[in-house]
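*Asks:* Got a structure here, written out as structure tokens. Questions coming.
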Amino acid sequence: MKTDELIRAIAADATAAPASLQRYFALLLALAVTAAAIAFWILLGPRDNALQSLGEIRFVFKFIVTLALAVPAIGLVLRLIRPGVNPGLWRVAVLLSPGLLALGVALELAALPSSSWRVAMIGSNSLVCLTYVPLIGLAPLGLLLLALRRGAPAHPALAGAVAGLIAGGIAASFYASHCPDDSPLFVAVWYSLAIAILTALGAALGSRLLRW
């Protein structure tokens, strides 16, 4: 059977497969979150004043940004997992997190004197962020790629990259409770770079592991 014929056959069968496929994905997603939680508690754990910091908007904003990345990316990858399915608004929804972060950065720049911008951006934990977000996200990425192998992504590298976004969003959400740097400027630079590492890794692995 030719590739285009196979794609049409799978797409035609889309009404029968999604329920079991989504259940399988949901199971591995739950395992991915659990794996990230275990890795986080073993490697870092939350900062001492994490509970008290829940009353601070900049601390809470970090979780808003990371979860606003992970959740739409989950919706998107559930469309990419099957050929012939329109991603719809999910491909736009993944821009919510960058948009919120850009707004946060703009407000931060307006609130801080320009002499403080560099200090806020560099922070005190940049290397820790770049190290531990990818480490915490490795197992989730592997589990998500395993889930995607059950489907038939028409664009393996793209599906793998979105899996990396999900893993990065999950890992960064846990890491945010440890990170002492709450400035949106710090988040925009270092969280983004750390998540980009997992995204690039997901794309590279996806192009190989999800090819059919």
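The values are calculated or read from the model by the stated rules, or taken from the named source; none is laboratory data. Predicted model, so just to flag it, every value in this text is computed and none were measured. Methodologically, a virtual Cβ is constructed for each residue, glycine included, from the backbone with ideal geometry; neighbour enumeration extends over all protein chains shown.
*Asks:* Under 6 Å by Cβ, and 6 or more places apart or on different chains, what pairs join a residue from the range 80-96 that is touching a residue at least 40 places away in the same chain (Cβ under 8 Å) with one that is surrounded by 13 or more Cβ atoms within 10 Å (Cβ to Cβ) and part of a loop (DSSP other than H, G, I, E, B)?
*Replies:* Sorted first by the residue in the range 80-96, then by its partner, the pairs are Leu80/Pro153; Ile81/Gly151; Ile81/Pro153; Arg82/Ala14; Arg82/Gly151; Pro83/Ala152; Pro83/Ala154.
*Asks:* Okay, next question. Cβ contacts < 8 Å: first residue closer than 16 Å to Lys62 by Cβ and of a type in the set (Phe, Trp, Tyr), restricted to the range 100-121; second residue surrounded by 16 or more Cβ atoms within 10 Å (Cβ to Cβ) and at pLDDT 90 or above, any location; separation 6+ or different chain. Result?
*Replies:* none
*Asks:* From the list Ala176, Ala161, Ala139, which one is out of contact with any strand residue (DSSP E or B) (no Cβ under 9 Å at 6 or more places or on another chain), closer than 18 Å to Ser207 by Cβ and modelled with pLDDT of 95 or more? Break it down into steps so the answer makes sense when it comes.
*Replies:* Values: Ala176 fails: closer than 18 Å to Ser207 by Cβ; Ala139 fails: closer than 18 Å to Ser207 by Cβ.
None of the other options fit; the residue is Ala161.
*Asks:* Separate question: Going through the range 35-48 one residue at a time, which ones are free of Cβ contacts under 8 Å to residues at least 24 places away in the same chain and in contact with a helix residue (DSSP H, G or I) (Cβ under 9 Å, 6 or more places away or on another chain)?
*Replies:* Narrowing the range 35-48 to residues free of Cβ contacts under 8 Å to residues at least 24 places away in the same chain: 38, 41-42, 48.
Selection gives Ile38, Trp41.
*Asks:* When you look at Asp48, is it among the acidic types (Asp, Glu), farther than 26 Å from Leu95 by Cβ, outside any helix (DSSP H, G or I) and modelled with pLDDT under 95, yes or no?
*Replies:* On the way: among the acidic types (Asp, Glu): yes; farther than 26 Å from Leu95 by Cβ: yes; outside any helix (DSSP H, G or I): yes; modelled with pLDDT under 95: yes.
For Asp48, the condition - among the acidic types (Asp, Glu), farther than 26 Å from Leu95 by Cβ, outside any helix (DSSP H, G or I) and modelled with pLDDT under 95 - is met.
*Asks:* Could you say whether any residue in the range 165-172 is more than 19 Å from Leu96 (Cα to Cα), at pLDDT 95 or above and either in a helix (DSSP H, G or I) or within 12 Å of the chain's Cα centre (by Cα) (or both)? Show your work before the answer.
*Replies:* Filtering the range 165-172 down to residues more than 19 Å from Leu96 (Cα to Cα) leaves none.
No, the range 165-172 contains no residue that is more than 19 Å from Leu96 (Cα to Cα), at pLDDT 95 or above and either in a helix (DSSP H, G or I) or within 12 Å of the chain's Cα centre (by Cα) (or both).
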